[in-house]
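I have placed the structure first, in the form of structure tokens, so that the comments after it can refer back to it.
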Amino acid sequence: MAGLYIHIPFCRAKCLYCDFVSFPGGGPVMEEYLAALVQEAILHQRPEGEPWPEFTSVYIGGGTPTVVPAHLLVDTLQNIYRVLPWSSGAEVTVEANPGTVDLDTLACLRSGGANRLSLGVQSFDDSLLAVMGRAHGAEQAAMAFRQARQVGFLNINIDLMYALPGQTMVVWLDTLYRAVSLEPDHLSLYGLKIEPGTPWGHAVATGEVAEPDQDVAGEMYLTAREVLTGAGYEQYEISNFALPGRQCHHNKLYWQRKDYLGLGVAAASHRCNRRWTNSQDLHAYLQDILAGRVPMAEQELLSSHEAMAENMWLGLRMLQGVDLGAFAARYGRRVEEVFGEAVEGLLDRGLLAMAGGHLRLTARALPVANEVFVHFLGP
Ligand code: SF4
């Protein structure tokens with residue numbers, strides 16, 4: 001089981017809070033980039049070590065994949081399918097910005113093999129969307145959702161953000177209710193993080209915009225849990241909620257430390273405790289591909305302790321927690337043996353709970369999960 005991530009680094013415009021590797025526009029380089037993605041897949045067709053197993057998921061993310069004309073995106077995907085091994089029932093997600101899709105685009109993606117759509121709605125408040133520099137309004141987002149259903153997307157995620165400057169609890173609740181009223185299959189919630197180097201990072205540094213209040217952020221998170229679980233969604237990860245049978249297979253591969261291959265600028269890969277990241281520089285990426293080189297910028301080989309630690313904090317992100325038996329079978333050592341002191345302290349503080357052979361975060365720990373994770377970082 002392995003996942004494939006394809007990074008499309010183009011956006012219509014740069015949102016004011018964003019530090020993802022994405023570039024406004026695209027223009028003539030777009031087609032060159034899509035061809036490079038296929039060439040990169042060919043470079044991984046026959047790796048030096050074990051060949052890749054069948055990919056059971058593909059996630060086309062960005063950036064904004066839907067700034068690429070849909071037929072070109074579908075052609076690229078089909079060309080990659082011809083090169084790498086695929087499972088016939090693979091989950092195929094495309095991220096979409098509601099301001100960049102219409103009925104024809106969505107129909108093309110659906111008939112081209114995408115079976116899951118992830119809509120970056122972020123808010124149903126027009127003034128907040130404008131302040132964020134988003135390229136769409138609230139009604140456009142609702143329309144994109146309805147059109148996606150109309151063309152046959154049975155599995156749709158909505159991304160929402162909270163702790164935004166000027167966002168009150170009333171506005172957040174309105175966004176949550178409007179999202180739920182559309183009946184999406186999955187919702188992902190993200191608290192705003194101010195990143196240095198972004199326009200909002202600068203505005204916070206100069207005092208123009210206030211840093212998100214962590215207490216307010218915590219309240220918004222807990223309120224969202226209440227609303228979404230009340231509406232029938234199961235929380236299966238710190239930030240993710242799904243209807244039965246609609247958990248995101250691709251993201252679960254990350255939290256379970258499975259292998260994944262990332263294609264494209266800045267994409268990350270993981271294979272048998274080796275992790276590597278592609279160049280973040282678009283020009284350098286294209287040059288490497290042209291020269292027939294894997295465009296790797298960094299790589300690291302994880303020690304067995306690092307792999308076990310990563311298994312802990314990634315596994316704890318999921319509400320089912322870390323399966324203690326599976327951990328022992330995978331690493332040949334028991335969690336208590338390796339992390340006994342940390343686990344005991346966190347159990348005593350009521351941040352972890354042990355039940356049914358799993359170690360998991362308690363409800364109290366969910367809004368402050370990083371306080372738990374730090375205990376599994378470091379040597
Ligand atoms: S659409 Fe997404 S990736 Fe593009 S600039 Fe906005 S937040 Fe960043």
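Here are the numbers for this structure:
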quantity: Hydrodynamic radius of the chain per Kirkwood, over alpha carbon pairs, in Å; calculated: 21.9 Å
quantity: Gain upon complete extension [residue 296, residue 223; 0.36 nm per residue less C-alpha separation]; calculated: 22.1 nm
quantity: Pairwise label distance in nanometres, residue 326 with residue 35, each label 7 Å out on the Cα-Cβ vector; calculated: 4.3 nm
quantity: Gained length - residue 344 relative to residue 78, 0.36 nm times residue gap less alpha-carbon distance; calculated: 90.8 nm
quantity: Most fluctuating residue given options 53, 28, 165, as computed from a GNM of the chain linking Cα atoms under 10 Å; calculated: 28
quantity: Packing-based order for 32-38, 295-301, using average beta carbon neighbours within 10 Å, highest first; calculated: 32-38, 295-301
quantity: Estimated inter-spin distance, residue 174 and residue 216, nm [label 7 Å along Cα→Cβ]; calculated: 1.6 nm
quantity: Note, ³J(HN,Hα) from phi for the stretch 356-362, Karplus 6.51, -1.76, 1.60, rounded to Hz, x at Gly and Pro; calculated: x, x, 10, 10, 9, 6, 7
quantity: Built amide H within the under 5 Å cut-off of residue 122, gap 5+; calculated: 159, 160, 161
quantity: Within the chain, percent of DSSP bridges classed antiparallel, to nearest 5; calculated: 40 percent
quantity: Translational D in µm²/s for the stretch 304-376 (Stokes-Einstein at 4 °C, 1.567 mPa s, Kirkwood Rh from C-alpha pairs); calculated: 108 µm²/s
quantity: Rough spin-label spacing in nm, given labels placed 7 Å along Cα→Cβ, for residue 154 and residue 256; calculated: 2.1 nm
quantity: Net dipole in debye of the chain [+1 Lys, Arg Cβ; -1 Asp, Glu Cβ; about Cα centre; nearest 20]; calculated: 800 debye
quantity: Förster radius 30 Å - calculated FRET efficiency between residue 363 and residue 13, Cβ distance, rounded to 0.05; calculated: 0.15
quantity: For the stretch 151-192, the spread of Cα positions along each principal axis, largest first, Å; calculated: 36, 18, 13
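Here, each number is a calculation from the coordinates, and none is a lab measurement. From a predicted model like this one, the values you see are computed outputs, not experimental measurements. So basically every Cβ, Gly included, is an ideal-geometry build from the backbone, and we count neighbours across all protein chains shown.
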